[in-house]
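Student: Supplied in structure tokens, the structure appears directly below.
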Amino acid sequence: MGPIGKAALYFPFVACLFALPFALWHYRRHGRLHPFRALLGYSFVFYAIVVVFLVIFPLPKLPSHGADPAAWEALYGKYRHPEFNPIVIFLDIARAPNAAKMIRALFQAIFNGLLFLPLGIYLVYGFGRKAWQAILIGAGASFLMEICQLTGDFGIYPGPYRLFDTGDILMNSLGCLAGVWIAAVLVSHRKLPALADLAGPQTPWVGPLRRGFALLADLFAYGAIAVFLVSLLDLVHVRLDPGHSIIASGSAILVFILVPAITGGSGIGHSLTLTRIEGRTGGRAGTLRILARQSSLWLAPALAYLGVNLLPRGGRFDVATGILILAWLAFLAIHAIGSATAPDKRGLADRLSGTSVRNTWKPQD
């Protein structure tokens, strides 16, 4: 239970790390982020973390004087001799000298099977693998786990602190086989929704969730470009930081305004989420319309930040800058509300520029 508790503790951080690439993959593959598919994907991530933690935890109690070979051998030397006989796991049950040890050996065999039972279900149902492929993957994953234990977590420790046991590989593989069978039965009896039948997007409109992921992708690109420009200038001995007004404002104008206009409305985030800025009724929006739309959303903060850092400061200037920022925030809020609630998902910037953000996803063979 200790390793499972650690997995539950770390899962939110790992899930956040995988959230953006996972969502982008889903959008590109399925056209939308279906709740059941998301549940299936993130539950698999949690399961994978649990398996890894069960393999490596609890960590060995190292001797007080570090990785002294003699001290290590005294504690863990018995694990240097792998068990190559897979039926020993059953012989341990039959030869147990008392009921307590028999139950312990029995539970070890059962839990080794249960550990990989979900893997068989995920591989067949979630990933669409055939039965023989799932069993091979399960056996390979189990073998890799045993190698991890034999090598002391791939050399992190001076030797193994758990036994390499082919019996574990056998029970893991049998558990995976049981999962394969359970998945086949559940699917054939329609106890699980057929993933292939989960419909893609029914309208060309793009909701706030996909817009949000596109914005996150653009923000990542914005940061990467700013750092790249700083590195480039450093080559000619010009020392600036990524937050410098010229770097920050220039990168923002490039990513949020110029790139969408040059690419015909795709940009970076829109390309990754298979969306595009198009005309009001579809089709190409035209460079000027895209420039007008993107400028109305992003030009004001870029210019304000540039002006605050480069132009002489004063009372009137500060008031004008504050009014500009407040007006921009109000405009952005009205646009966001329209993008989220309007039937055609067109915000204020779209209505003023005659554009719309539309889905470009097409079903894959």
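Student: Read through the list (1) at pLDDT below 80; (2) out of contact with any His (no Cβ under 8 Å at 6 or more places or on another chain), then give the number of the only condition that Phe213 fails.
Tutor: Going through (1) at pLDDT below 80; (2) out of contact with any His (no Cβ under 8 Å at 6 or more places or on another chain) one by one, Phe213 breaks only (1).
Student: Would you point out the residue of segment 23-45, among those that are surrounded by fewer than 17 Cβ atoms within 10 Å (Cβ to Cβ) and aromatic (Phe, Trp, Tyr), that is farthest from Glu146 (Cα to Cα)?
Tutor: Only one residue tops the list, namely Phe36.
Student: Take segment 129-165 and flag every residue that is of a type outside the set (A, V, I, L, M), over 14 Å from Val55 (Cα atoms) and crowded, with 18+ Cβ neighbours inside 10 Å.
Tutor: Once the filter is applied, which keeps residues that are of a type outside the set (A, V, I, L, M), over 14 Å from Val55 (Cα atoms) and crowded, with 18+ Cβ neighbours inside 10 Å, segment 129-165 yields Arg129, Gly138, Gly159.
Student: Pairs needed: first member in segment 134-150, among the polar types (S, T, N, Q); second member anywhere, surrounded by 18 or more Cβ atoms within 10 Å (Cβ to Cβ) and not in a helix (DSSP H, G or I); C-beta distance under 7 Å; at least 6 residues apart or different chains.
Tutor: As it stands, the answer is Gln149/Pro160; Gln149/Arg162; Gln149/Phe164, since those pairs meet every condition given.
Student: Hey, another quick one. Take the residues of segment 252-293 that are modelled with pLDDT under 90 and of a type in the set (Ser, Thr, Tyr): which is surrounded by the fewest Cβ atoms within 10 Å (Cβ to Cβ)?
Tutor: So, considering only residues that are modelled with pLDDT under 90 and of a type in the set (Ser, Thr, Tyr), the one surrounded by the fewest Cβ atoms within 10 Å (Cβ to Cβ) is Thr281.
Student: Identify, please: which residue in segment 95-109 is surrounded by 12 or more Cβ atoms within 10 Å (Cβ to Cβ) and basic (Lys, Arg) and is, among those, nearest to Gly175 (Cα to Cα)?
Tutor: Ranking the candidates gives Arg104 first.
Student: Mind telling me which of the residues Ser249, Ser271 ends up being farther than 27 Å from Arg29 by Cβ, part of a helix (DSSP H, G or I) and hydroxyl-bearing (Ser, Thr, Tyr)?
Tutor: Ser249
The values are calculated or read from the model by the stated rules, or taken from the named source; none is laboratory data. The structure displayed is predicted, hence computed values, not measured ones. Backbone-built Cβ (ideal geometry, glycine too); neighbour counts: all protein chains shown.
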